Amino acid sequence: MPPMHDPSASYDVLPADAPKPERYALLRDRVRGLLAGEGDATANLANAAAEVFALVPDLNWAGFYLMKGGELVVGPFQGRPACVRIAVGRGVCGTAVAERATQLVDDVQAFPGHIACDPRSRAELVVPIAQGDAVVAVLDLDSERPRRFDADDRAGLEGLAADLAAAIDWGQVTRP
Ligand code: SME
């Protein structure tokens, strides 16, 4: 049996100014613990989104868009209700899929075609999640603070996305 995750474990284990790599190492550990021994993809993505939102400061939205029938459909997330469907190539999320590359946007108001689900959002980080050659989902974070995300955030969230690519049974929640 894998060790049981303790959902009551405190979030105040790091000082507010802890180095970002330390914060992302903790995030990845906690998500690993949440997923251990659980095979339900929706449950696992919901808890992963909640953990990101709880541990990464200054976010107003964090969660997943899932590839279904050739377009992105909103999946488990934390934050205000969001746009449901995004075409590949559209907005920051659709661009991440089309280019199969992380999009780090300092100010979404300067990103051509940005989809404003919430006008408060100013900075965005979108990491594609792939299975072999196919992108199956994106991990999307929004912040009200312009230039909120940097190379450390990108590295930490790409690491988390790699963990999730391997640990989630994507066939339960996506289709080509
Ligand atoms: N801003 C995104 C849409 C998704 S929301 O941020 C949750 C985009 O341009 O793709």
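The values are calculated or read from the model by the stated rules, or taken from the named source; none is laboratory data. Bear in mind the structure is a predicted one, so any value in this text is a computation, not a measurement. Positions of Cβ are generated from backbone atoms using ideal geometry, with glycine treated the same way; all protein chains shown enter the neighbour counts. Just so you know, the surface numbers come from the protein's heavy atoms only, side chains and all, with ligands and any DNA or RNA stripped out. Shrake-Rupley method; radii C 1.70, N 1.55, O 1.52, S 1.80 Å.
Where does the chain land at 222 nm, in deg cm²/dmol rounded to the nearest 500, when only DSSP H runs of n ≥ 4 count, each adding -39500 (n - 2.57), divided by all residues?
Helix-only estimate at 222 nm: -10500 deg cm²/dmol.
Per 0.36 nm of contour for each residue apart, how much would the distance between A54 and D107 grow if the chain were fully extended, relative to their Cα-Cα spacing?
On the way: separation 53, 0.36 × 53 = 19.08 nm, distance 2.27 nm.
Residue separation times 0.36 nm, minus the Cα-Cα distance, leaves 16.8 nm.
Can you put V13, V31 in order of accessible area, largest first, using a 1.4 Å probe?
Per-residue accessible area, sorted high to low, gives V13, V31.
Please sort by residue number the chymotrypsin sites (Phe, Trp or Tyr not before Pro) in the stretch 21-79 whose DSSP state is loop and whose Cβ has at most 16 other Cβ atoms within 10 Å. Walk me through the numbers on the way to the answer.
Details: sites: Y24, F53, W61, F64, Y65, F77; in loops: none.
Hits after loop and neighbour filter: nothing returned.
Semi-axes of the equivalent ellipsoid of the stretch 20-174: what are they in whole Å, largest first, if each equals the square root of 5 times a C-alpha gyration tensor eigenvalue? Please list the in-between numbers first.
Details: eigenvalues 91, 69, 37 Å².
Over the Cα atoms of the stretch 20-174, the semi-axes work out to 21, 19, 14 Å.
Which helices count as membrane-span-like in the chain under these terms: full DSSP H, at least 15 Å along the axis by C-alpha, Kyte-Doolittle mean of -0.5 or more?
On the way: long enough: 20-35 (22 Å, -0.69); 41-55 (21 Å, 1.07); 151-167 (24 Å, 0.28).
Length and hydropathy pass: 41-55, 151-167.
From a point 7 Å beyond the Cα of A16 in the direction of its Cβ, which residues of the stretch 134-156 have a backbone N at a distance under 16 Å?
The answer is 145, whose backbone nitrogens lie closer than 16 Å to the label point.
Pop a pseudo-label 7 angstrom from the Cα along the beta-carbon direction at both D29 and C83 and give the gap in nm to one decimal.
Spacing of the two 7 Å Cα→Cβ label points: 3.8 nm.
Ignoring everything but the protein chains, give the 1.4 Å probe accessible area of K20 in square angstrom, nearest 10.
60
Evaluate the distance, in nm, between pseudo-label points positioned 7 Å from the Cα of A130 and of E71 along their respective Cα→Cβ axes.
2.5
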